[in-house]
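The structure appears right after this line, and notes come after that.
The values are calculated or read from the model by the stated rules, or taken from the named source; none is laboratory data. Keep in mind that this is a model prediction, so the values were computed, not measured. Here Cβ is always computed from backbone atoms with ideal geometry, including for glycine, and neighbour counts include all displayed protein chains.
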Amino acid sequence: MSKIIVIAGATNGIGRGIALDRLRRGDVVVAVGSSAERGARLRADAEQAGAGDRLDFLRADLSSIAENDRVIDHVTARHPAIDALVLTANRQSAERRETAEGLEFTFALYYLSRYLLGYGLRGALEASPSPVILNVAGAGITAGAVMWDDLQLERRYGMLRAQLQGGRANDLLGVSFTEETGGTVRYVMYHPGFTDNGDFSHLPRPLSALVKLLARFAARSIDQVVPPLSGLLDTPPLQPLTAVDRGRTVPLTLRTFDPADARRLARLTEELLASRRTPR
């Protein structure tokens, strides 16, 4: 039976790979991405595979709270029930920059959009017989931390610091979401490892050249990464919450999954949203 799958970050890298894989399997895919050009390429590939009528591309800037709300409205208006939400949107930024709503970009895109989409689509997910959220981030990595006194990294920004904070925040998001929903939607946090997504142009020139070179020799390909992720959409784990690092199940006793920290971050996130969100 075909599934309805929403993919955030679907026009590049792992998200794109999963979108094309699920379209070939006969699923309906709502593909969310920020680039109209990449969206057009995804549509062309879908049509070539005979699946153009099952692709719904929605261009949106997921670093924006308002845009996430628009995506949620778009999806729920067309699909009362969805089977899976795949979260892959992420982009490194060498310099600190703020969104139009005054949020640090990495925090807004890598963590906050996943928080918004998960909770915003909760009702549609719970209407499915076996729903799953697949959060592709940094599960199992204990480096980095949530900067509790400086979530927006105003005092000490670094690209790696921002990425690691996003990864740790997503670990805590999985814990708090599962605790609040009681496991009605199975939640999988998945770290695919260093993956060659083919595009490092957003990085500064010397760094992008270095990363591209490293990717040729050390990174996993999209074709290697997609099958196990897609398999989790077909057969979600039985447990309400699962963390996987490159195919290896990670114990939820790691400090990065601390329930008290998860509740703390959820509370701070709701306070942040209340102060920045335009009433709907």
- Task: Name the single residue, out of those in region 136-145 being more than 11 Å from the chain's Cα centre (by Cα) and touching a residue at least 60 places away in the same chain (Cβ under 8 Å), that is nearest to V6 (Cα to Cα).
- Result: A139
- Message: Quick check on region 9-41: of everything there that is buried (at least 18 other Cβ atoms within 10 Å of the Cβ) and polar (S, T, N, Q), which residue is nearest to R114 (Cα to Cα)?
- Response: S34
- Looking at region 87-113, which of the residues that are buried (at least 22 other Cβ atoms within 10 Å of the Cβ) and in a loop (DSSP other than H, G, I, E, B) is nearest to the chain's Cα centre (by Cα)? T88
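Which one is nearest to H191 (Cα to Cα) among residues in region 146-166 that are without any contact (Cβ under 8 Å) to a residue 40 or more places away in the chain and surrounded by 15 or more Cβ atoms within 10 Å (Cβ to Cβ)?
Of the residues in region 146-166, the ones without any contact (Cβ under 8 Å) to a residue 40 or more places away in the chain are 147, 149-150, 155-156, 158, 160-161, 164.
Still in the running and surrounded by 15 or more Cβ atoms within 10 Å (Cβ to Cβ): 147, 161, 164.
Numbers: M147: 21, R161: 17, L164: 12 Å.
Across region 146-166, the extreme among qualifying residues is L164.
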- Item | Sole exception among (1) surrounded by fewer than 23 Cβ atoms within 10 Å (Cβ to Cβ); (2) touching a residue at least 40 places away in the same chain (Cβ under 8 Å); (3) closer than 24 Å to E270 by Cβ for I133, by number | (1)
- Message: Quick check on region 24-46. Is at least one of its residues at pLDDT 95 or above, part of a loop (DSSP other than H, G, I, E, B) and among the basic types (K, R)?
- Response: yes
- If you take the residues of region 223-255 that are assigned to a strand (DSSP E or B) and of a type outside the set (K, R), which of them is farthest from R186 (Cα to Cα)? D245
- Message: Exactly one condition in (1) free of Cβ contacts under 8 Å to residues at least 40 places away in the same chain; (2) within 30 Å of S2 (Cα to Cα) is false for A89; which is it?
- Response: (1)
- Name, by its number, the condition in (1) closer than 24 Å to D21 by Cβ; (2) touching a residue at least 60 places away in the same chain (Cβ under 8 Å); (3) assigned to a helix (DSSP H, G or I); (4) more than 15 Å from the chain's Cα centre (by Cα) that does not hold for A124. (2)
- State all residues of region 13-33 that are closer than 13 Å to A84 by Cβ and among the charged types (D, E, K, R); if no residue qualifies, say none. D21, R22, R25, D27
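Test G183 against the criterion of being surrounded by fewer than 23 Cβ atoms within 10 Å (Cβ to Cβ) and within 12 Å of the chain's Cα centre (by Cα), and give yes or no. Give the steps one after another, and end with the answer.
Working: surrounded by fewer than 23 Cβ atoms within 10 Å (Cβ to Cβ): yes; within 12 Å of the chain's Cα centre (by Cα): no.
The answer is no for G183.
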- Message: Anything in region 219-263 that is loosely packed, with under 13 Cβ neighbours inside 10 Å, hydrophobic (A, V, I, L, M, F, W, C) and farther than 19 Å from L172 by Cα? List them, or say none.
- Response: L238
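I need a count of the residues in region 47-73 that are aliphatic (A, V, I, L, M), over 18 Å from A100 (Cα atoms) and either part of a loop (DSSP other than H, G, I, E, B) or in contact (Cβ under 8 Å) with a residue 60 or more places away in the chain (or both). Let's see the steps before the verdict.
Step one: list which residues in region 47-73 are aliphatic (A, V, I, L, M), which gives 49, 51, 55, 58, 60, 62, 65-66, 71-72.
With the extra rule that they be over 18 Å from A100 (Cα atoms), the set shrinks to 49, 51, 55, 58, 72.
Of the ones still in play, those that are also either part of a loop (DSSP other than H, G, I, E, B) or in contact (Cβ under 8 Å) with a residue 60 or more places away in the chain (or both) are 49, 51.
Total meeting the criteria: 2.
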